[in-house]
1. Give segment 97-120 a look and list any residue that's in contact (Cβ under 8 Å) with a residue 40 or more places away in the chain and either closer than 19 Å to residue 163 by Cβ or of a type in the set (Ser, Thr, Tyr) (or both), or say none.
2. Looking only at segment 639-665, filter to residues that are farther than 19 Å from residue 623 by Cβ and in a loop (DSSP other than H, G, I, E, B); which one of those is nearest to the chain's Cα centre (by Cα)?
3. Can you tell me which residue among 178, 144 is assigned by TED's automatic domain parsing to the domain that holds residue 33 and touching a residue at least 60 places away in the same chain (Cβ under 8 Å)?
4. Here are 82, 40: which of them is assigned by TED's automatic domain parsing to the domain that holds residue 157, in a loop (DSSP other than H, G, I, E, B) and within 26 Å of residue 139 (Cα to Cα)?
5. Among the residues in segment 563-571, are any out of contact with any helix residue (DSSP H, G or I) (no Cβ under 6 Å at 6 or more places or on another chain) and assigned to a helix (DSSP H, G or I)?
6. Would you check if residue 91 is closer than 20 Å to residue 58 by Cβ, surrounded by 20 or more Cβ atoms within 10 Å (Cβ to Cβ) and among the aromatic types (Phe, Trp, Tyr)?
7. Looking at (1) farther than 15 Å from residue 356 by Cβ; (2) surrounded by fewer than 20 Cβ atoms within 10 Å (Cβ to Cβ); (3) not small (Gly, Ala, Ser), which is the one condition that is false for residue 249?
Amino acid sequence: MKVEDLEIPNQVKEVIRNSGISKLYPPQREAIEAGALKGNALVLASPTASGKTLTAELCALKHIVEHEGKVLYLTPLRALANEKYQEFRKYREVKKANGKRVRVGISTGDFDGSDPWLERYDIIISTNEKADSLLRHRAKWMDEISLVVADEVHLLNDPERGPTLEVVLARVLQINPEIQILALSATIKNVEDLADWLKARHVTTEWRPVKLNEGVLLHQEIQFKDGKAVKVGKHARDPALNLALHIVKSGGQALIFASTRRNAVSLAKKISGKLETTLSKPAKRSLNLLGERVLALGERTRISELLADLVKQGAAFHHAGLSGSHRKLLEDAFRDGKVKVLSATPTLAFGVNLPARMVIVSDYRRYEVGYGYYPIAVLEYKQMAGRAGRPKYDKVGEAILIAKTDDEQDYLMESYVLAEPERIWSKLAVERILRPHVLSTIAAKYAQSERGLYDFFGKTFYAYQYDPKAIKLVIAKILKFLYDEQMIEVADRDVFATTFGRRVSELYIDPVSAVFIRDALRSRAAEITDISFLHMIAHTPDMFPRLRPYSNEVDELELFVEKHKNEFMFEPANELADNMEFEEFLGEAKAAWVLQSWVEEATEDQMIERFRVQPGDLYRLVNSAEWLLYASRELAGLLKQKDLVPKLNVLRERGAKGVKAELLPLVRLEGIGRVRARILFNSGLRTLEDLKQAPVGRLTALPLVGSRVAKKIKEQVGGFVKSEQWKKLTEEETPEQQSLTEYY
């Protein structure tokens with residue numbers, strides 16, 4: 001089927017043709033034949049890179065240009081949302097019937113608001129959690145949505161992310177039963193269940209633009225799914241590295257999936273020194289520049305220095321401990337073919353599109369504390385294998401598992417290579433997971449009686465797959481908790497949220513977190529300090545990631561707890577009474593200590609050395625803390641604890657930037673982060689008035705300031721600058737300076 005023959009506006013066809021596409025892939029054609037462009041709900045299950053996104057683009061532009069509709073595109077991750085936002089931006093010049101151009105917006109953060117500004121956009125890219133938040137706030141423009149695209153819908157199976165997506169889909173169908181749902185997924189076994197639940201048609205295909213060869217390596221031989229065998233020369237002792245070198249020497253790239261962060265780093269270090277002979281002089285020059293960019297992004301730490309060194313040799317590691325800017329830089333470099341071998345943790349398989357000639361699964365087992373090692377799911381393996389093969393570059397992609405014995409080779413072939421992914425099952429009916437969704441359903445008035453509540457949850461994927469009576473028992477237990485904690489009230493058959501309950505729902509926190517915060521703010525500690533608030537939020541179930549105390553930290557953490565015992569709003573756990581509870585309490589104390597160190601301006605390197613907390617984890621911890629401190633401030637005001645509001649507000653702002661209070665006026669400026677602010681402050685430029693009066697030369701002479709930042713400072717604070725100086729500042733701004741993050 002040709003793009004020219006599609007029933008879509010000509011200007012949309014032109015954009016698609018300009019992107020190099022003239023014919024549809026088979027899965028795209030089948031989706032069109034199933035009525036995707038005619039408004040039919042559809043589940044499209046096909047492998048990675050088979051063209052699911054283009055199908056979504058065609059449907060979206062059809063809705064907008066011809067029917068004046070509005071499109072909501074859901075993704076599970078912020079990184080994926082950003083990727084899709086960039087893809088949809090190519091349609092910005094397309095005009096609607098009213099002559100206005102198509103507008104693409106993205107919203108992934110700040111869960112306390114209805115974002116009315118999004119009303120002016122035609123395509124809105126959002127994470128599942130953000131969409132859930134918008135529904136809780138009853139965003140009026142949500143009623144105008146005519147198409148919802150649910151990307152990576154197989155994540156309904158995920159215990160943490162799945163239930164939110166499930167509730168969002170059930171909610172939009174409750175608001176508008178005629179809405180078109182386009183659910184996109186890798187191949188799943190029970191696609192019929194998902195389609196029936198959504199009252200949709202389904203298209204399932206194994207077609208890929210690049211042929212996939214799956215196999216198992218034993219010693220120096222790969223046994224492939226189709227019966228063929230290939231010998232691999234010995235380039236390294238480690239089989240995963242040997243495979244990677246084999247594919248790089250043949251002109252390809254390798255993506256190695258490691259079971260842990262430590263293993264990912266170790267593999268990258270081991271292979272980096274073996275890649276030099278495969279790199280041309282131009283490639284080495286390009287990698288050297290890339291390594292310098294790694295060092296220029298964010299604070300210089302031992303991790304960034306190691307990463308830069310590896311990148312210069314053509315290798316890199318990728319895991320959640322890296323900063324977002326470093327992860328994006330590596331992803332772009334790998335897509336461009338600069339980085340030859342990337343070792344990553346499995347989370348990458350569920351994230352951004354990052355194909356390679358060969359995917360190597362170095363370990364099919366995972367370690368879980370308390371459970372030991374266990375085999376990964378087939379679905380997880382298939383997600384990793386799906387990254388093999390670069391469209392337009394490779395004719396074949398190879399996904400290889402590694403065996404140590406004949407028996408293990410047979411097991412891997414039967415249990416993974418030849419196996420089908422598991423069925424997808426709803427994970428909604430877990431009290432901890434369901435609790436905030438029950439409250440939000442009542443608070444946002446999607447249900448105003450117990451019967452209405454059961455009716456709504458009776459239309460979820462869980463109720464489709466299981467006996468609806470099972471979820472009723474969980475809901476009844478949750479309702480009792482919400483009533484006992486004064487979040488809901490009951491009058492005859494009506495159920496409605498109290499002011500407290502409604503605000504908790506809007507703040508997008510677990511009701512249990514709200515109870516902890518409420519009780520802590522009311523009872524208070526003997527001495528209120530930053531530690532009081534930081535430990536309070538670390539004690540909530542919403543704090544993520546959960547930090548665990550390492551064995552060599554226990555004594556020091558116990559001393560920390562003893563030193564600050566009068567500042568804790570919760571009674572320290574008793575080690576003799578419950579050892580597990582005591583260990584959890586030490587983890588909370590560690591989180592409070594880490595956050596205190598952050599706001600006292602400890603460097604990332606100091607944090608890594610002292611607490612073994614890596615930049616990416618610190619970033620997520622800081623984000624969690626900022627939101628929970630904001631929620632605490634809001635609840636303090638609601639609960640008439642008004643003397644605590646300014647303290648929480650200052651701590652939240654300090655936490656967001658990682659600074660002492662004295663730097664807050666400076667870090668409020670765009671382009672000024674904790675490092676630059678400290679440089680300015682220590683040089684005597686401590687207020688906005690100081691910056692206004694300072695000569696430009698004084699600013700540009702400071703480390704990490706330079707012409708670009710000086711120009712930005714003067715634009716914000718004012719002050720006299722000669723025209724020739726201003727022109728010089730503009731001319732001196734370089735692309736490399738523009739790439740520096742605002743961390744500084």
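The values are calculated or read from the model by the stated rules, or taken from the named source; none is laboratory data. On a predicted model such as this, the values are computed, not experimentally measured, just so you know. Methodologically, a virtual Cβ is constructed for each residue, glycine included, from the backbone with ideal geometry; neighbour enumeration extends over all protein chains shown.
1. Residue satisfying the conditions is 111 alone.
2. By that ranking, first place goes to 660.
3. 144
4. Step by step, each of 82, 40 is checked, and only 40 is assigned by TED's automatic domain parsing to the domain that holds residue 157, in a loop (DSSP other than H, G, I, E, B) and within 26 Å of residue 139 (Cα to Cα).
5. yes
6. Spelling it out, residue 91 is indeed closer than 20 Å to residue 58 by Cβ, surrounded by 20 or more Cβ atoms within 10 Å (Cβ to Cβ) and among the aromatic types (Phe, Trp, Tyr).
7. Every condition holds for residue 249 apart from (1).
Yes/no per residue for (1) modelled with pLDDT of 95 or more; (2) surrounded by 14 or more Cβ atoms within 10 Å (Cβ to Cβ):
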residue: 380; (1), (2): no, yes
residue: 383; (1), (2): no, yes
residue: 390; (1), (2): no, yes
residue: 395; (1), (2): no, no
residue: 403; (1), (2): yes, yes
residue: 411; (1), (2): yes, yes
residue: 420; (1), (2): no, no
residue: 435; (1), (2): yes, yes
residue: 464; (1), (2): yes, yes
